[in-house]
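Everything on this sheet refers to the single structure shown next.
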Amino acid sequence: MKYALVTGGSRGIGKAIAIKLAKELAYPILLNYQSNDAAATATQKIIEEAGGSCTLLKCNVADAVDTHTALDTWTAANPDAIIEVIINNAGITRDGLFMWMPTTDWNDVLDTSLNGFYNITNHLLQKMLTNRYGRIINMVSISGVKGTAGQVNYSAAKGALVAATKALAQEVGKRKITVNAVAPGFIKTDMTAAIDEKEFKRMIPANRFGEAEEVADLVTFLASKKAAYITGEVININGGMYS
């Protein structure tokens, strides 16, 4: 059985990606989340009611021991399973001006986005290399490509993930494993709920915020066999705001 793992998959963009991968590519979903049991169960229900399969994997990707324990426990219970697609979507924001940024806000953001990518991908990569096929898609951000004031920590984490994407793609390409990054702009999610769309959409040529499903469409294409010759790329999806 070949699975797709989505981290931070209980809400927002991660939820949309998980649902789309199950519906359009027929992958059984391994849905990672940290704490929101109700949201994770609701996403699982949507996938299952549409005829798909979804298993919940509760762990904090920023914690290596917690992550490896959860993955190893699941693998032991599913010895024939292969995680063929990894969507590194988990991320948090702790916005504020850099000069006043506490150490915890710096570390927490980098631990989730950057170390979360390492803790998941490094642990699963050997089996993917042995299988000689895989798709690794890292969810970054416009902040990681152009930088955003008030988000030095988030921009640093996502920018580092962009560089890691390009480097890892060169290491694993010969084994038919692609590694790409998707950089959304303003997307309608809980993370942008406090932002005034009327004010900010003036900066966006498309004159609106994006939908999580639109990001999921792009990710689903990159996760498919049709995208075999696309690797090491950072694909912006931001309504023309920055390219």
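The values are calculated or read from the model by the stated rules, or taken from the named source; none is laboratory data. Just so it is clear, the structure is predicted and the values come from calculations on it, not from any experiment. For neighbour counting, all protein chains shown are included, and Cβ atoms are generated from backbone atoms with ideal geometry for every residue, glycine included. The accessibility values were calculated without ligands, DNA or RNA, using every heavy atom of the protein model including side chains. Shrake-Rupley method; radii C 1.70, N 1.55, O 1.52, S 1.80 Å.
Scanning the stretch 1-36 for residues being within 17 Å of TRP74 (Cβ to Cβ) and assigned to a helix (DSSP H, G or I) gives a total of 1. Annotation: of all residues in the stretch 150-189 being without any contact (Cβ under 8 Å) to a residue 12 or more places away in the chain and of a type outside the set (D, E, K, R), the one that is farthest from MET128 (Cα to Cα) is ALA163.
Note on the stretch 190-243: among residues that are of a type in the set (S, T, N, Q) and farther than 18 Å from GLY134 by Cα, the one that is modelled with the highest pLDDT is ASN236. Looking at ILE87, ILE120, just one residue is closer than 21 Å to VAL179 by Cα, open to solvent by less than 60 Å² (accessible area, probe 1.4 Å) and touching a Gly at 6+ places or on another chain (Cβ under 9 Å), and that residue is ILE87.
Close Cβ contacts (under 6 Å, 6 or more residues apart or on different chains) running from residues in the stretch 107-129 that are in contact (Cβ under 8 Å) with a residue 40 or more places away in the chain and of a type in the set (Phe, Trp, Tyr) to residues that are surrounded by fewer than 17 Cβ atoms within 10 Å (Cβ to Cβ) and in a helix (DSSP H, G or I) are absent.
Among LEU129, LEU125, LEU97, which is among the aliphatic types (A, V, I, L, M), open to solvent by less than 40 Å² (accessible area, probe 1.4 Å) and on the phi < 0 side of the Ramachandran plot?
Details: LEU129 fails: open to solvent by less than 40 Å² (accessible area, probe 1.4 Å); LEU97 fails: open to solvent by less than 40 Å² (accessible area, probe 1.4 Å).
That would be LEU125, the only listed residue that is among the aliphatic types (A, V, I, L, M), open to solvent by less than 40 Å² (accessible area, probe 1.4 Å) and on the phi < 0 side of the Ramachandran plot.
The residue that is least open to solvent (accessible area, probe 1.4 Å), counting only those in the stretch 148-201 that are part of a loop (DSSP other than H, G, I, E, B) and under 27 Å from ILE83 (Cβ atoms), is THR189. What's the number of the only condition in (1) in contact with a Pro (Cβ under 9 Å, 6 or more places away or on another chain); (2) farther than 19 Å from ASN236 by Cα; (3) without any contact (Cβ under 8 Å) to a residue 60 or more places away in the chain that ALA81 fails to meet? All conditions are met except number (3).
Residues that are exposed (fewer than 13 other Cβ atoms within 10 Å of the Cβ) and either farther than 14 Å from ALA22 by Cα or in contact with a strand residue (DSSP E or B) (Cβ under 6 Å, 6 or more places away or on another chain) (or both) within the stretch 40-77 comprise VAL65, THR69, ASP72, THR73, ALA76, ALA77, listed in sequence order.
The set of residues in the stretch 14-39 being open to solvent by less than 30 Å² (accessible area, probe 1.4 Å) and under 16 Å from ILE92 (Cβ atoms) consists of GLY14, ASN32, TYR33, ALA39.
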